[in-house]
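J.: Below you will find the structure I want to go over with you.
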Amino acid sequence: MALINFSDILKKAGFDPGKVKLIRHSLTDSNFRNCYMAGKVFEYTCHQKKNFSKGYDYWATFISGSGTLARFHSIYRVGDSRPDTEDIIPEGIPDSEASHFKGNNAYYDLERLDVLSEFEGKLTIEWGNSARMWHQKGTTEKAVVSIQPNEKKVFSGFENLVLSFDELKEIVDNPEVYDSWRTALSSVYAIYLIVDSETGRQYVGSAYGKDGLWGRWSVYVETHHGNNKEMKQLVCSYTERYHSFQFSILQILPKTVTDRDVTDIESLWKSKLLSRKFGMNDN
C-alpha cells in the first residue's frame, strides 16, 4: 500500500478528488509529441471530445515517463467549451493536431491554477498497468513515487555522443530535463551509426527535415527499428533486440545543405563502412 496517493495531495490542496479528472499525455503518441516539442501542451489539452469534462470541474495533467510512470504537469479549472471549428485553430499548433479541428469535437476554456505549481515537473506517480486508460477519475489511487527537483541534464557534445537505446529513450521521453539535448540535436542534420552490440552489424542512416537528428532518432524510440527493413526484420524475430542497439554520430551537417547532399554523404559512409555488404543497410 502506498504511503501517499495523488488524491491525498488533491485533498490537502482543497480539491474534491471526485471533481478532478486525471489525464496522462503520452510522448509515444506522435501527435502529442509534436505539440510537446512545439510548446503547445496547453492547446493540445484544451482540445477534447464533447462532454469530456461532464461531472468534472478540474483536470490534472501528467506526461508519460518510463514504463507506466507519469510526471505531474499542471492542474486546470475547466470552463465552457465551443466546437473545434477550423477558425479557432491555435496559432503555431502542429499540422498533425490542426488537422483534427473539424467541428466534431470541443475546445475547452482552461484556467491553469498555481496551487500545485511546486509539484510541476517534480512529482511522479505510478499510473498503473491500465496505461491505455489515459484519463481517469481523481479518486483512483495513484501512488506518489517521487517528488524531486527537475534538474536539467547538460548536452555532452556531438563528438562524445555514444548512446544505448535505453539511454536514448530516456532522453527523448524526458525533453524537459534534456532540453539542451533536444535543442542541439534538433539544430543539425547528421549521418549516424547504429550498431547491434550483440553481432557488430552496422546501420548507417541520415537525418534531415524540420527536427533534424532529434526528429529522426525519436522515430527509433517510438518504433524500435526506425522503419528500416533489415532492422525491422531483426526486431520482429527477436522482440527485445533493440535494447542492444548503440547510437552514435559519424558526421554533423548544417541545415543549409540540401536533402540530396545529405543522402549522397550517407551513401559515401555506407561504402566506407561496407554496411551494405556486412551490415544492415539494404540499399
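Every number here is computed from the coordinates shown, using simple stated rules; none is lab data. Quick caveat, the model's predicted, so the values are computed rather than measured. Here the Cβ is made from the backbone with ideal geometry for all residues, glycine too, and neighbour counts use every protein chain on show.
J.: Note down the magnitude of the dipole of segment 6-147 about its Cα centre, charges +1 on Lys and Arg C-beta and -1 on Asp and Glu C-beta and zero elsewhere, to the nearest 20 debye.
T.: Working: 19 positive and 19 negative charges, 111 e Å.
In debye, rounded to 20, segment 6-147 gives about 540.
J.: Could you list His25, His243 so that the one with the fewest beta carbons within 10 Å of its beta carbon is first and the one with the most is last? Numbers along the way, then the final one.
T.: Values: His25 21, His243 13.
Ranking His25, His243 by Cβ neighbours within 10 Å, fewest first, gives His243, His25.
J.: Compute the distribution of all C-alpha to C-alpha distances in the chain, in bins of 5 Å from 0, and list the percent of pairs in each, rounded to whole numbers.
T.: 1, 5, 11, 14, 15, 14, 12, 10, 8, 6, 3, 1, 0, 0
J.: With charges only on Cβ, +1 for K and R and -1 for D and E, what is the dipole size of the chain about its Cα centre, in debye, rounded to 20? Mind showing how you got there, number by number?
T.: Working: 35 positive and 38 negative charges, 102 e Å.
Value, rounded to 20: 480 debye.
J.: Can you give me the long-range amide H partners of Ser164? Hydrogens built in the peptide plane at 1.01 Å from N, cutoff under 5 Å, separation of 5 or more residues or another chain.
T.: Distant-sequence amide H within range of Ser164: Phe247.
J.: Given the pairs Lys153/Lys272; Lys19/Lys102; Lys54/Lys102, which span a C-alpha to C-alpha distance of over 23 angstrom in this model? Each step should come with its number before you reach the end.
T.: Details: Lys153/Lys272 34 Å; Lys19/Lys102 29 Å; Lys54/Lys102 21 Å.
As for pairs spanning more than 23 Å Cα to Cα, those are Lys153/Lys272; Lys19/Lys102.
J.: If only Cα atoms are counted, what is the Rg of segment 4-90, and what is its Dmax, in Å?
T.: 14.0, 44
J.: Now, a different point. Could you go through segment 166-181 in sequence order and give the Karplus-derived ³J(HN,Hα) for each residue, using 6.51 cos²θ - 1.76 cosθ + 1.60 with θ = phi - 60°, rounded to whole Hz, and x for Gly and Pro?
T.: 5, 5, 5, 4, 4, 5, 5, 6, 10, x, 5, 6, 9, 4, 5, 5
J.: From the helices alone, meaning DSSP H stretches of at least four residues, give me the mean residue ellipticity at 222 nm for the chain, per-run term -39500 (n - 2.57), in deg cm²/dmol to the nearest 500. Show your work: numbers first, answer last.
T.: Working: 9 runs with 78 residues, N = 283.
Rounded to the nearest 500, the figure is -7500 deg cm²/dmol.
J.: Then there is this: What is the magnitude of the charge dipole of segment 162-273 about its Cα centre, with +1 placed on the Cβ of each Lys and Arg, -1 on the Cβ of each Asp and Glu, and no other charges, expressed in debye to the nearest 20?
T.: Working: 12 positive and 16 negative charges, 87 e Å.
That gives segment 162-273 a dipole magnitude of about 420 debye.
J.: Give me the Kirkwood hydrodynamic radius of segment 6-147, using the inverse of the mean 1/r over all pairs of distinct Cα atoms, in Å to one decimal.
T.: Details: mean 1/r = 0.0647 Å⁻¹.
Answer for segment 6-147: a Kirkwood hydrodynamic radius of 15.4 Å.
J.: Rounded, prolate or oblate for segment 162-273? Axes are the square roots of the Cα gyration tensor eigenvalues, ordered a ≥ b ≥ c, and the cut-off for rounded is a/c under 1.5. Walk me through the numbers before you get to the answer.
T.: On the way: a/c = 1.92, a/b = 1.13, b/c = 1.70.
Here segment 162-273 falls in the oblate category.
J.: In whole angstrom, how far apart do the alpha carbon centroids of segment 21-81 and segment 229-283 sit?
T.: Comparing the Cα centres of segment 21-81 and segment 229-283, I get a distance of 35 Å.
J.: Report relative contact order for segment 162-283 in percent, whole number only (criteria: Cα-Cα under 8 Å, sequence separation at least 6). Walk me through the numbers on the way to the answer.
T.: Working: 185 pairs, mean separation 42.4, N = 122.
The value is 35 percent.
J.: Ok, one more. With contacts defined as alpha carbon pairs under 8 Å and 6 or more residues apart, what's the relative contact order of the chain in percent?
T.: Values: 493 pairs, mean separation 47.1, N = 283.
After rounding, I find 17 percent.
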